[in-house]
Amino acid sequence: MKPPPAIVHTAARLRGNLFTRLVGALLIWIGAVAAPAPAADTSEPPPVSDATRECIGCHEMFHPGIVADWRRSRHARTSPARGLSVRGLEKRMSANTVADALLSTAVGCAECHTAHPLQHPDSFAHNGYSVHTVVTPRDCAVCHPTEDREFSENIMSHAADNLENNALYAQLRQSIIGTPALNGETVTYGAVDKHTNAQACRYCHGTVLRVTGTVTRDTVAGALDFPVIAGWPNQGVGRHNPDGSRGTCSACHTRHRFAIATARKPYTCKECHVGPDVPAYKVYSASKHGNIFETEHGQWDFDALPWRAGTDFSAPTCATCHISLVTTPDGEVTATRSHRMNDRLPWRLFGLIYAHPHPKAANLTHIRNKDGAPLPTAFDGTVASEHLIDRTEQENRRTAMQGVCGNCHGTGWIAGHWRRFESTIQQTNAATRTATQLMQDVWAQGLALGGAQGHNPFDEGIEKKWCDIWLLYANTIRFSSAMGGGGDYAVFANGAYQLSQTLQEMNDWRTLRMDRKEKTTATAPAVAEKP
């Protein structure tokens with residue numbers, strides 16, 4: 001049997017670098033014993049612009065935490081000119097040029113909060129400057145244009161649109177966080193409260209920020225005028241910004257330090273990927289990778305660029321697999337940096353309703369399955385292939401991800417892991433198909449009211465059990481397989497046990513309701529025919 005291209009590539013790379021890897025392994029072992037701290041940045045910090053100095057003059061008194069955080073940032077310790085002078089894999093800026101006025105100073109308050117004032121409807125006059133509250137990816141693009149472009153091509157940056165502009169998702173959301181009311185024997189779910197929405201689904205997906213007016217507030221500095229921004233505050237990945245851009249870099253690179261180290265640690269991803277619908281962090285924490293991270297991460301260098309497997313870290317985090325530039329100890333690139341989070345993802349795991357090949361585009365609002373529904377698969381599991389990547393692209397992405405695996409695992413391990421993982425996709429899709437057949441029969445028999453009857457297909461008890469199967473349990477099994485190679489999350493912790501139990505409960509419910517329906521029909525009094 002011919003091995004997959006990714007395995008052949010990995011084997012060749014390992015053969016070609018065997019000696020350097022053996023030497024590197026020895027050095028890593030020696031380094032692990034010594035466990036030295038990363039070298040501190042001893043370079044002289046650049047000057048601060050006059051405008052930023054004015055900002056700090058007040059805000060260091062009023063908001064000391066913000067200023068202290070910024071002072072510890074790389075933005076405070078270096079200038080764009082220094083960033084532009086770096087060459088090779090250590091370069092952090094993707095811009096080739098920066099305006100002369102920004103070159104030689106630190107990147108401070110004014111450099112971010114006064115950029116592009118004409119593009120910011122949230123700009124307001126403040127102590128002689130035009131300041132905007134919401135710093136956006138378009139502002140960050142002054143120094144990081146590649147990252148801005150890649151993130152804009154990423155499903156995350158369209159998360160708000162993909163949620164709001166899908167009628168089915170809106171019904172699912174309403175059945176979960178809509179205001180419940182008892183109407184006779186029926187529980188109904190009313191409109192979703194905007195504040196509930198902002199702290200629930202839109203906390204991660206992103207709100208729409210819109211300037212609605214101005215307000216005068218009494219502050220420690222006296223009465224000041226500020227814009228009123230609907231949807232604020234929010235740091236969701238698909239946030240609609242007042243300047244027309246999407247997303248926020250601070251979703252991963254938190255304010256006001258914006259450290260690459262923060263984005264590389266799994267705690268950052270945990271904020272939105274903790275489950276049970278997308279239980280990535282829980283699975284990671286219980287995996288062997290998570291075990292090593294918890295044990296050893298205090299000795300790792302999360303700020304290094306490039307990030308060297310085995311030298312700077314000894315087990316992958318979320319960023320290692322999905323986004324980071326990763327090299328071997330001798331500098332060979334095994335994964336290129338990308339802010340398109342799906343560049344190494346052949347499969348979209350969380351079921352809508354089935355796991356499926358990843359979508360081609362980041363904006364998913366145009367997707368329609370064969371039945372015209374806004375889903376990437378039909379209820380019978382048929383994929384909307386014209387909207388999803390083909391097998392060639394899946395193989396390219398599989399190869400890219402396996403390149404990360406190859407830093408620590410042999411070719412046999414990698415091949416075996418992926419065989420099991422992709423088998424899990426098929427098995428969980430088959431289980432979901434059985435549950436969906438049951439649900440379709442329930443609707444057909446009139447035992448529940450679904451979309452065909454013009455009703456919300458997610459709000460009745462039996463429908464919620466069906467959702468549990470594909471939204472929670474099948475997803476947990478897939479993530480457990482992908483990120484941990486199995487374990488308790490695949491079986492008893494929202495895994496196969498709960499899936500099979502819920503499937504049986506669905507069938508028992510259907511059988512009881514059918515029996516009741518038949519008995520009611522049999523005992524109903526006959527209607528006399530008119531003469």
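A few points about this structure:
- Index of the failed condition, VAL442 passing every other in (1) farther than 30 Å from LEU512 by Cα; (2) open to solvent by less than 20 Å² (accessible area, probe 1.4 Å): (1)
- For VAL142, the test of being touching a His at 6+ places or on another chain (Cβ under 7 Å) and either of a type in the set (Ser, Thr, Tyr) or surrounded by 15 or more Cβ atoms within 10 Å (Cβ to Cβ) (or both) is failed.
- Residue satisfying condition, being more than 30 Å from GLY403 (Cβ to Cβ) and of a type outside the set (A, V, I, L, M, F, W, C), within set THR219, THR248: THR219
- Residue match in segment 471-481 (condition: in contact (Cβ under 8 Å) with a residue 12 or more places away in the chain, under 24 Å from TYR281 (Cα atoms) and not in a helix (DSSP H, G or I)): no
- Residues being in contact with a strand residue (DSSP E or B) (Cβ under 9 Å, 6 or more places away or on another chain), at pLDDT 95 or above and either among the basic types (Lys, Arg) or under 21 Å from ASN475 (Cβ atoms) (or both) - total across segment 330-348: 5
- Among the residues examined, ARG478 does not qualify as of a type in the set (D, E, K, R) and surrounded by fewer than 19 Cβ atoms within 10 Å (Cβ to Cβ).
To keep it simple, each residue is scored yes or no on (1) within 27 Å of HIS113 (Cβ to Cβ); (2) touching an Asp or Glu at 6+ places or on another chain (Cβ under 6 Å); (3) of a type outside the set (A, V, I, L, M, F, W, C).
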residue: HIS256; (1), (2), (3): yes, yes, yes
residue: ALA280; (1), (2), (3): no, no, no
residue: PHE313; (1), (2), (3): no, no, no
residue: SER324; (1), (2), (3): no, no, yes
residue: THR327; (1), (2), (3): no, no, yes
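- All positions within segment 86-128 that are of a type in the set (Ser, Thr, Tyr) and crowded, with 17+ Cβ neighbours inside 10 Å: SER94, THR105, THR114, SER123
- Taking each residue of segment 175-204 that is open to solvent by less than 50 Å² (accessible area, probe 1.4 Å) and looking for partners that are in a loop (DSSP other than H, G, I, E, B) and among the aromatic types (Phe, Trp, Tyr) with beta-carbon atoms closer than 6 Å, six or more apart or interchain, yields SER175/PHE458.
- Filter pass, GLN437 being open to solvent by 50 Å² or more (accessible area, probe 1.4 Å), under 21 Å from SER481 (Cβ atoms), part of a helix (DSSP H, G or I) and of a type in the set (S, T, N, Q): no
- Residues (closer than 16 Å to ASP303 by Cα and assigned to a helix (DSSP H, G or I)) located in segment 71-87: ARG74, HIS75, ALA76, ARG77, GLY83
- Verdict on ILE367 being assigned to a loop (DSSP other than H, G, I, E, B), in contact with a helix residue (DSSP H, G or I) (Cβ under 8 Å, 6 or more places away or on another chain), aliphatic (A, V, I, L, M) and free of Cβ contacts under 8 Å to residues at least 60 places away in the same chain: yes
- Every condition in (1) open to solvent by 80 Å² or more (accessible area, probe 1.4 Å); (2) under 21 Å from HIS253 (Cβ atoms); (3) of a type in the set (Asp, Glu) holds for ASP69 except the one numbered (1).
- Test: residue in segment 455-476 that is touching a strand residue (DSSP E or B) at 6+ places or on another chain (Cβ under 9 Å) and closer than 30 Å to PHE293 by Cα: no
- Looking only at residues in segment 406-417 that are part of a helix (DSSP H, G or I) and touching a residue at least 40 places away in the same chain (Cβ under 8 Å), the one that is farthest from SER481 (Cα to Cα) is THR411.
- In segment 250-266 there is no residue matching the filter, namely being in a strand (DSSP E or B) and either at pLDDT 95 or above or β-branched (Val, Ile, Thr) (or both).
- Residues of segment 347-364 satisfying the condition of being open to solvent by less than 30 Å² (accessible area, probe 1.4 Å) and part of a strand (DSSP E or B): ARG348, HIS356, PRO357, PRO359
- The set of residues in segment 248-290 that are within 30 Å of CYS467 (Cβ to Cβ), β-branched (Val, Ile, Thr) and open to solvent by 50 Å² or more (accessible area, probe 1.4 Å) contains only VAL274.
The values are calculated or read from the model by the stated rules, or taken from the named source; none is laboratory data. All values reported here derive from a predicted model rather than from experimental measurement. As a convention, Cβ positions derive from the backbone with ideal geometry for all residues, glycine included, and neighbour counts pool all protein chains shown. Side chains included, ligands, DNA and RNA excluded: accessible areas come from the protein's heavy atoms. Shrake-Rupley method; radii C 1.70, N 1.55, O 1.52, S 1.80 Å.
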